[in-house]
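Below is one structure, written out as structure tokens, with a few remarks after it.
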Amino acid sequence: MTAMTTQNPQGPGNYGVPPGAAAGDGLAVPDAGGRRARGALRFGFGLFGPRHGRHTLSADDLDGLALPIGDDGVVIGVDAQGQPAVLGVNRPTPYDVVLIGGLWTAQVLALRAAATGARVAVETGRPQAWTQMMHAMGGGQNGLSVYDVGRVPPQGASAGTPVLVVRDCGMRPPRGRVVSGPWQSVLTLLPYLSPVAPRLVRQARLVGVQRISPDESAELGRTMGLPRADIDALPTLVDGVTLWCSDRDRQYVTTQPTDAEVGLLGTPRRMD
């Protein structure tokens, strides 16, 4: 691009002086501030705008700007204190999540992940359970695609297009062709505690558990090293409540659907 210049027909330094007139012909001579302003204009700094007082905020008011969440990601519900609980599924490192629970919760997570800009690839043996959701999101063109078991193609995940793979493959999901990697997380849904669950739980970075039987709770408690209070609580959880466990933290989260989610998926439920 070539620079654009504007010539002054009155000659340089004679702004405001009519042709043929000298600076001393009864005309006011600009002061130093005016010369500086014209100099700034000549060098492309634009016009000087009005002067306003600076906007200031006291240190005591800074807390009012704080967000109620500690991370970015998918809001999966509220914790026991009523604060938003956030699951960061878009990560630069591999991230595996196991959910021992209902299809409803997995679909809400997939829907919200897509709303954050992630592409969602669903590997399932019951595609009819995901068809309505896929059509509501634009027939696979707006963030969610459904594939048969073992048919998920490479997703090409990147920082600009993160991917969440949801594996809804029943009690004994086969080893997936598409695994977790940079910017590609994998959520494996187990309806109940199956013989393959201990292996998947040990490999996962995060485990979510909804209502299970007392025997399943005792077995899972041994696998995960859960305290007695959580082992006793798991068989009593109401619909929509999940105990999320990581290496360093355990948190009960209640997933509260929006009106749009209720219209599409119905109310929270553990059984499908």
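The values are calculated or read from the model by the stated rules, or taken from the named source; none is laboratory data. Because the structure is predicted, anything quoted here is derived from the model rather than measured. Using ideal geometry, Cβ is built from the backbone for each residue, glycine included, and neighbour counts are taken over all protein chains shown. For the accessible areas, the whole protein counts, side chains as well, though only heavy atoms, and no ligand, DNA or RNA atoms are used. Shrake-Rupley method; radii C 1.70, N 1.55, O 1.52, S 1.80 Å.
Structure data summary
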| item | result |
| --- | --- |
| Helices (runs of 4 or more DSSP H) wholly inside the stretch 129-246 containing at least 3 residues that are touching a residue at least 12 places away in the same chain (Cβ under 8 Å), open to solvent by 30 Å² or more (accessible area, probe 1.4 Å) and under 26 Å from residue 268 (Cβ atoms) | 214-224 |
| Qualifying residue in the stretch 106-118 (condition: among the charged types (D, E, K, R) and touching a strand residue (DSSP E or B) at 6+ places or on another chain (Cβ under 7 Å)) | yes |
| Those residues of the stretch 128-169 which are among the hydrophobic types (A, V, I, L, M, F, W, C), out of contact with any Ser or Thr (no Cβ under 8 Å at 6 or more places or on another chain) and under 21 Å from residue 94 (Cβ atoms), in sequence order | 152, 157, 159 |
| Residue count, the stretch 80-109 (criterion: free of Cβ contacts under 8 Å to residues at least 60 places away in the same chain and of a type outside the set (S, T, N, Q)) | 4 |
| Residue list for the stretch 77-104, filter: in contact with a Ser or Thr (Cβ under 6 Å, 6 or more places away or on another chain) and either polar (S, T, N, Q) or farther than 20 Å from residue 172 by Cβ (or both) | 77, 78, 89, 94, 95 |
| Within the stretch 247-270, considering residues that are more than 20 Å from residue 83 (Cβ to Cβ) and assigned to a loop (DSSP other than H, G, I, E, B), the one most open to solvent (accessible area, probe 1.4 Å) | 247 |
| Residue selected from the stretch 53-98 under the condition among the charged types (D, E, K, R) and open to solvent by 60 Å² or more (accessible area, probe 1.4 Å), by the criterion modelled with the highest pLDDT | 91 |
| Selected residue [open to solvent by less than 50 Å² (accessible area, probe 1.4 Å) and modelled with pLDDT under 60] from 101, 49 | 49 |
| Some residue of the stretch 104-113 being among the polar types (S, T, N, Q), within 27 Å of residue 257 (Cα to Cα) and open to solvent by less than 30 Å² (accessible area, probe 1.4 Å) | yes |
